[in-house]
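Colleague: Got a structure here, written out as structure tokens. Questions coming.
The values are calculated or read from the model by the stated rules, or taken from the named source; none is laboratory data. These figures come from a predicted structure and were not determined experimentally. Counting neighbours? That spans all protein chains shown, and the Cβs are built from the backbone with ideal geometry, glycine included.
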């Protein structure tokens, strides 16, 4: 109860102080010394291998999407407050640190920290790439966004004086992905519990995706990064072998979005020798190897499908709860499109509580799977 009261107080204080906070959008007003790494351009999703079953989403009518330029810029004596909010030495919030959107800054409720930072004892770092934000608890957003930032500045990472600053108490995949993809050891990944961190030299790298209101805020990711993840992941496991296996992603350890009768899939297709995989039980290299050698992947929409970035020629069956946001259905559509993967996306109503509606497979769902697997010569 005390925690709830304190949070309510912080929210109220944040609302009062909000007019005093200045914001700096580096996408619209670049700083002196800001370097463009990828140009502003239009990307296309090739949906020729997509089979879509369900209500047509608002983003379906467009196949071309605007993608902002990617950039890096070095700040001097910048500060990180709370969970990843970066301000320059004039006290302006660098919106790129809040996923380049004011909405995420508002959710962070750090206005009181910005105004009162001089009263806080800081911890000081020298050469830092800040890599924590509101969504780094999500394996999908971390992989597609934060890892994309580091991929853009691999040349900087070659210089061992640069360290990556992450949130204290980050999920295990945060360190695991940086070690696996970039070879960063513990000495290069730093953290601290202080709510005020001063960075003498701060390398700010843009998020490699865009979210254009004219497209309904569909999040569009750089295809260069998707392909980079694919190639780098394969290199880290020593290359892709000829063998293939078929997998069903089970969410038995998750609070919901289960396929309540998933065992029927293996019974219906005995010759396909489906394996049930619980991704939480696997290390990152094991997950990469699993998806790189998958021939068929079946599951309900969730963070586990992020590993599609490591697939080669897999046929993908994804069940999507219709009541989830329309725009989120595009997450794995664009990964599959970029890598040329056959993709069946089937909406379902389901049962249970939001946002974890469970799916019970019936003849209608199996009919869609049958036709899709035959279409792509998997049965």
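Colleague: Would the stretch 278-290 turn up any residue that is under 18 Å from residue 52 (Cα atoms) and either assigned to a strand (DSSP E or B) or at pLDDT 95 or above (or both)?
Modeller: Pass one, the stretch 278-290, residues under 18 Å from residue 52 (Cα atoms): none.
No, that holds for no residue.
Colleague: Of the residues 291, 274, which is in the same structural domain as residue 306 (by TED's automatic domain parsing), over 25 Å from residue 367 (Cβ atoms), buried (at least 17 other Cβ atoms within 10 Å of the Cβ) and touching a helix residue (DSSP H, G or I) at 6+ places or on another chain (Cβ under 9 Å)?
Modeller: Details: 274 fails: over 25 Å from residue 367 (Cβ atoms).
The unique qualifying residue is 291.
Colleague: Given the criteria in contact with a strand residue (DSSP E or B) (Cβ under 9 Å, 6 or more places away or on another chain) and farther than 28 Å from residue 68 by Cα, does residue 190 qualify? Working first, answer last.
Modeller: Numbers: in contact with a strand residue (DSSP E or B) (Cβ under 9 Å, 6 or more places away or on another chain): yes; farther than 28 Å from residue 68 by Cα: yes.
So residue 190 passes the test.
Colleague: Suppose we filter the stretch 180-189 for residues that are under 21 Å from the mean Cα position of the chain (by Cα) and touching a residue at least 12 places away in the same chain (Cβ under 8 Å); how many remain? Steps first, please.
Modeller: Initially, the stretch 180-189 is screened for residues under 21 Å from the mean Cα position of the chain (by Cα), giving 180-184, 189.
With the extra rule that they be touching a residue at least 12 places away in the same chain (Cβ under 8 Å), the set shrinks to 180-182, 184, 189.
Final tally of qualifying residues: 5.
Colleague: Looking at 326, 364 in this structure, which one is modelled with pLDDT of 95 or more and out of contact with any strand residue (DSSP E or B) (no Cβ under 8 Å at 6 or more places or on another chain)? Give the steps one after another, and end with the answer.
Modeller: Values: 326 fails: modelled with pLDDT of 95 or more.
Residue meeting the stated conditions: 364.
Colleague: Follow-up question, since we're still on this one. Going residue by residue through the stretch 108-130, is there one that turns out to be in contact (Cβ under 8 Å) with a residue 60 or more places away in the chain, buried (at least 20 other Cβ atoms within 10 Å of the Cβ), closer than 22 Å to residue 174 by Cα and touching a helix residue (DSSP H, G or I) at 6+ places or on another chain (Cβ under 8 Å)?
Modeller: For the stretch 108-130, residues in contact (Cβ under 8 Å) with a residue 60 or more places away in the chain, buried (at least 20 other Cβ atoms within 10 Å of the Cβ), closer than 22 Å to residue 174 by Cα and touching a helix residue (DSSP H, G or I) at 6+ places or on another chain (Cβ under 8 Å): present.
Colleague: Would you mind stating whether residue 194 is under 19 Å from the mean Cα position of the chain (by Cα), more than 30 Å from residue 60 (Cα to Cα) and modelled with pLDDT under 95?
Modeller: It is false that residue 194 is under 19 Å from the mean Cα position of the chain (by Cα), more than 30 Å from residue 60 (Cα to Cα) and modelled with pLDDT under 95.
Colleague: Can I ask one more? Only one residue in 96, 36 is surrounded by fewer than 14 Cβ atoms within 10 Å (Cβ to Cβ) and either on the phi > 0 side of the Ramachandran plot or modelled with pLDDT of 95 or more (or both), so which one is that? So that I can check it myself, show each step before the final result.
Modeller: Details: 96 fails: surrounded by fewer than 14 Cβ atoms within 10 Å (Cβ to Cβ).
Being surrounded by fewer than 14 Cβ atoms within 10 Å (Cβ to Cβ) and either on the phi > 0 side of the Ramachandran plot or modelled with pLDDT of 95 or more (or both) holds for just one of 96, 36, which is 36.
Colleague: I need the full set of residues from the stretch 306-356 which are assigned to a strand (DSSP E or B) and over 18 Å from residue 257 (Cα atoms), in order please. Give the steps one after another, and end with the answer.
Modeller: Taking the stretch 306-356 as the starting set, the residues that turn out to be assigned to a strand (DSSP E or B) are 315-321, 343-348, 351.
Scanning the stretch 306-356 gives 315, 343.
Colleague: Within the stretch 164-178, can one find any residue that is over 20 Å from residue 284 (Cα atoms), at pLDDT 95 or above, surrounded by 15 or more Cβ atoms within 10 Å (Cβ to Cβ) and outside the structural domain of residue 312 (by TED's automatic domain parsing)?
Modeller: So far as the stretch 164-178 goes, yes, one or more of its residues are over 20 Å from residue 284 (Cα atoms), at pLDDT 95 or above, surrounded by 15 or more Cβ atoms within 10 Å (Cβ to Cβ) and outside the structural domain of residue 312 (by TED's automatic domain parsing).
Colleague: Kindly evaluate residue 243 against the criterion of being part of a loop (DSSP other than H, G, I, E, B) and either touching a helix residue (DSSP H, G or I) at 6+ places or on another chain (Cβ under 7 Å) or farther than 22 Å from residue 355 by Cβ (or both). Spell out the reasoning first.
Modeller: Working: part of a loop (DSSP other than H, G, I, E, B): yes; either touching a helix residue (DSSP H, G or I) at 6+ places or on another chain (Cβ under 7 Å) or farther than 22 Å from residue 355 by Cβ (or both): yes.
Yes.
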